[in-house]
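Q: Structure provided below as structure tokens; questions to follow.
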Amino acid sequence: MPSCYADGHSPISGKCCQRISGPESGENDHFYREGAPQYAHSISNDIYVLCQVKFKIATCPFSASDKDDACQSGQFSWTGAVRTVAVYCGIRQLKFAEDALASALAALDGRSDYAIPAGELSVALLDDGTLQIMHGKFLGDPEPTDVITFPGDPAEDFAGEICISVDCAVRCTRERCMDLSEELTLYLVHGWLHLAGLSDGTAAEAAAMRAAEAHLMDFLRNCALIPQFSFAQ
């Protein structure tokens, strides 16, 4: 799960989220829009023809002492700073509930212990081939991978980009009899942690990353905020 420091630039409903662009239904529909994620678009001109949804989310702030209790009791206070999140899906059959995905991101964004930079966040859900090409181009490794994280540019109010291989998640869930939504959320959390400054280059760093992943996944489960992903029949 690499983090790339290459040169370049890289819905919660109601009061918590404001739709900027995207389909009107609660689930993402496939439609054509320009504005693909910056790094992923440099590899494939076609990934944005399927789905783009863009939201403003108000983060759900938790203090170090009350964040887990608040989640378990279902008491949220959506009063944090607003962040724009752009989600791009290049997998034609993949469906996800936009409000659930935005809720998970907003909850993560409210944790001061794993804060990511200010600015717009880009999330790209891609196929193996696209992510493999990106892996080779930006990290010099032509092997398939599950997640690539690109740092943002504060000067452009850009927090960074998390690129996820949906194909890899599907393989892992089949091999390990795991849940697809959990696996994709784990990849999202992993990318988030890279943007928060964690690395996994050494054994000690990898152990710290695994511990942080487990902590945030438990946090989202306790809050019932694991977003659901499925494939259209």
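Q: Taking segment 129-148 as the region of interest, how many residues are hydrophobic (A, V, I, L, M, F, W, C) and not in a helix (DSSP H, G or I)?
A: Of the residues in segment 129-148, 2 are hydrophobic (A, V, I, L, M, F, W, C) and not in a helix (DSSP H, G or I).
Q: Residues in segment 95-107 that are out of contact with any Leu (no Cβ under 8 Å at 6 or more places or on another chain), crowded, with 23+ Cβ neighbours inside 10 Å and small (Gly, Ala, Ser): how many?
A: Of the residues in segment 95-107, 2 are out of contact with any Leu (no Cβ under 8 Å at 6 or more places or on another chain), crowded, with 23+ Cβ neighbours inside 10 Å and small (Gly, Ala, Ser).
Condition check ((1) in a loop (DSSP other than H, G, I, E, B); (2) of a type outside the set (Gly, Ala, Ser); (3) touching a Cys at 6+ places or on another chain (Cβ under 6 Å)) across all residues:
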{"position": "GLU182", "(1), (2), (3)": "no, yes, no"}
{"position": "GLY201", "(1), (2), (3)": "yes, no, no"}
{"position": "ALA207", "(1), (2), (3)": "no, no, no"}
{"position": "ALA212", "(1), (2), (3)": "no, no, no"}
{"position": "LEU225", "(1), (2), (3)": "yes, yes, no"}
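Q: When segment 184-199 is examined, which residues are found to be of a type outside the set (Ser, Thr, Tyr) and part of a loop (DSSP other than H, G, I, E, B)? Before the answer, list the steps.
A: First, the residues of segment 184-199 that are of a type outside the set (Ser, Thr, Tyr): 184, 186, 188-198.
Within segment 184-199, ALA196, GLY197, LEU198 qualify.
Q: Return yes or no: is ILE148 modelled with pLDDT under 90 and surrounded by fewer than 19 Cβ atoms within 10 Å (Cβ to Cβ)?
A: On the way: modelled with pLDDT under 90: yes; surrounded by fewer than 19 Cβ atoms within 10 Å (Cβ to Cβ): no.
So ILE148 does not fit the description; no.
Q: Among the residues of segment 158-165, are any farther than 16 Å from TYR88 by Cβ and surrounded by fewer than 23 Cβ atoms within 10 Å (Cβ to Cβ)? Show your work before the answer.
A: We begin by selecting, within segment 158-165, every residue farther than 16 Å from TYR88 by Cβ; these are none.
Checked segment 158-165: no residue is farther than 16 Å from TYR88 by Cβ and surrounded by fewer than 23 Cβ atoms within 10 Å (Cβ to Cβ).
Q: Kindly list, by first and then second residue, each pair from a residue in segment 96-112 that is among the hydroxyl-bearing types (Ser, Thr, Tyr) to a residue that is surrounded by fewer than 22 Cβ atoms within 10 Å (Cβ to Cβ) and in a helix (DSSP H, G or I), limited to pairs with Cβ atoms under 7 Å and residues at least 6 apart or on different chains.
A: Hits for this filter: zero, empty list.
Q: Look at segment 171-221 and say how many of its residues are surrounded by 16 or more Cβ atoms within 10 Å (Cβ to Cβ) and among the polar types (S, T, N, Q).
A: 3
Q: Next up: Which of the residues that make up segment 108-128 are surrounded by fewer than 18 Cβ atoms within 10 Å (Cβ to Cβ) and either in contact with a Ser or Thr (Cβ under 6 Å, 6 or more places away or on another chain) or assigned to a helix (DSSP H, G or I) (or both)?
A: Matches in segment 108-128: SER112, ASP113, ASP128.
Q: Sort out which residues of segment 124-136 are of a type outside the set (Gly, Ala, Ser) and touching a helix residue (DSSP H, G or I) at 6+ places or on another chain (Cβ under 9 Å), and write them in order of number. Talk me through it step by step, then tell me what you get.
A: Restricting attention to segment 124-136, the residues satisfying the condition of being of a type outside the set (Gly, Ala, Ser) are 125-128, 130-135.
Residues satisfying the conditions are LEU125, LEU126, ASP127, ASP128, THR130, LEU131, MET134.
The values are calculated or read from the model by the stated rules, or taken from the named source; none is laboratory data. Nothing here was measured: the structure is a model prediction, and the numbers come from that model. Neighbour counts run over all protein chains shown; Cβ positions are idealised from the backbone, glycine included.
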